[in-house]
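Inspection log for the structure reproduced underneath, given as structure tokens.
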């Protein structure tokens, strides 16, 4: 059939529209291709993009809850503040630090489980705890899992060696050991206080208390002092009058109280109620800002040993940074352990030249002259104990006043 003139015109118009449509579709296709090349979809990478730097995971175990949470929380805060400081300066070998803290509750089983969980989460080292009873079982587990654990204030010798003197190869410590504290306290009592005799009230369930007692008694007797009695009690019983009543008639010059601060406050107040006026001596379990608040005037004129603390002027910048970061919270000494523990790991990794757990362990073991806020640290490879002096403090006018540095 012959086409009409109108049909021809309609065909020409349709062809023009089809041509325009094809041009538009081609242009849109080219634009979509360019956009795809310029901006990859979410989750896609290009040859030009750089992968994210994997953080170095370091764990912390402490009592983040419970009666001694004031220490664990300070240690965790100290780790977080120090991690920020290190990361702001470029991290470790160009990698950032990620600190993961878990609650050991001051309990051996919970602390061991927290350590295991941190290792499963990729921690290359774990800092904590400040309880010997927790770190002694953690040391054996660290040897099995081959990831270093660095005790903070845990001071019993068995934290780093077993009963037979065999080294726990993956267990280290920042603080001094009980023999140091016990011997310094004995020398201080005999030579500085001129004490002729002493009594002891000991926590029978505490490795820490037993260790300080053992070495105090031995050193005091070696120096010619007389131990009048050793009475035993248990943390948590709250009433120590029965034990103190055995001490009262003996009228000792000094009384050793190697307990943690909350028990010390109870013992001191109950002793004063019974008319006991002897000078109390203690170890680093006394070291808390809560002690004076809880004990009141009962401990006026008494002495204890501990690490260098925030009384040392060198710690002032860190103290100020802590107070600022944590909204005016006053730090406990455990925060300084968090600081030194993290910087010690950093120092060891940088000496190793790479992030390798076995090499980290070796470098921790051969550390000499590491300068921390708690003093210089040199490790004895045979025991993993640091060579450090002991600070003595006196409670005076509702303050903890630094007396001096002592060695056994």
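For Cα extents along the principal axes in Å, one of (1) 137, 42, 37; (2) 68, 41, 38; (3) 69, 60, 33 was computed from the structure I shared and the rest are decoys. Which label?
(1)
Any chance you could give the angle, 0 to 90 degrees and rounded to 10, that helix 132-145 forms with the longest Cα principal axis of the chain?
40
As I understand it, the value is the acute angle between the Cα axis of helix 69-88 and the longest principal axis of the Cα atoms of the chain; what does it come to in degrees, rounded to 10?
50
Between the range 56-73 and the range 113-183, what's the alpha-carbon centroid distance in Å?
Value for the Cα centre distance between the two parts: 15 Å.
Quote the relative contact order of the chain in percent (integer), defining contacts as alpha-carbon pairs under 8 Å separated by 6+ residues. Present the calculation step by step, with values, prior to reporting the outcome.
On the way: 772 pairs, mean separation 60.7, N = 408.
Worked out over the chain, it gives 15 percent.
How much length, in nm to one decimal, is gained on full extension between residue 164 and residue 251, taken as 0.36 nm per residue of separation minus their Cα-Cα distance? Don't jump to the answer; show the numbers that get you there.
Details: separation 87, 0.36 × 87 = 31.32 nm, distance 3.89 nm.
So the chain would gain 27.4 nm between residue 164 and residue 251.
7 Å from Cα along Cα→Cβ at both residue 109 and residue 204: what's the point-to-point distance in nm?
The modelled label-to-label distance comes out at 2.2 nm.
Taking neighbour Cβ counts within 10 Å as the exposure measure, how do 327, 376, 340, 88 sort from fewest upward?
Values: 327 6, 376 13, 340 26, 88 9.
Fewest-to-most ranking of 327, 376, 340, 88: 327, 88, 376, 340.
May I ask you to derive the FRET efficiency for residue 397 and residue 350 from their Cβ-Cβ distance with R0 = 41 Å, giving the value to the nearest 0.05? Please list the in-between numbers first.
Details: r = 44 Å, r/R0 = 1.08.
About 0.40, to the nearest 0.05.
If you rank 221, 191 by fewest surrounding Cβ atoms within 10 Å, what's the result? Write out the running numbers ahead of the final one.
Working: 221 14, 191 11.
If I rank by nearby Cβ atoms, fewest first, I get 191, 221.
Going by alpha carbons, how many degrees (0 to 90, nearest 10) lie between the helix axis of 261-273 and the longest principal axis of the chain?
30
Mind checking the full-extension length gain between residue 226 and residue 238? Use 0.36 nm per residue of separation minus the Cα-Cα distance, one decimal, nm.
On the way: separation 12, 0.36 × 12 = 4.32 nm, distance 2.84 nm.
Contour length minus the Cα-Cα distance gives 1.5 nm.
Name the shape class, rounded, prolate or oblate, that the alpha-carbon gyration tensor gives for the range 232-353, where a ≥ b ≥ c are the square roots of its eigenvalues, rounded holds for a/c under 1.5, and otherwise prolate holds if a/b is larger than b/c and oblate otherwise. Before the final figure, lay out each step's value.
Details: a/c = 2.87, a/b = 2.27, b/c = 1.26.
Prolate.
What is the spin-label model distance, in nm, from residue 273 to residue 368 if the labels are put 7 Å beyond Cα along the C-beta direction?
5.6
Laboratory data are not the source of any read-out in this text; all were calculated from the coordinates shown. Computed from a predicted structure; not experimentally measured. All Cβ positions, even for glycine, are placed from backbone atoms using ideal geometry, and neighbour counts span all protein chains on display.
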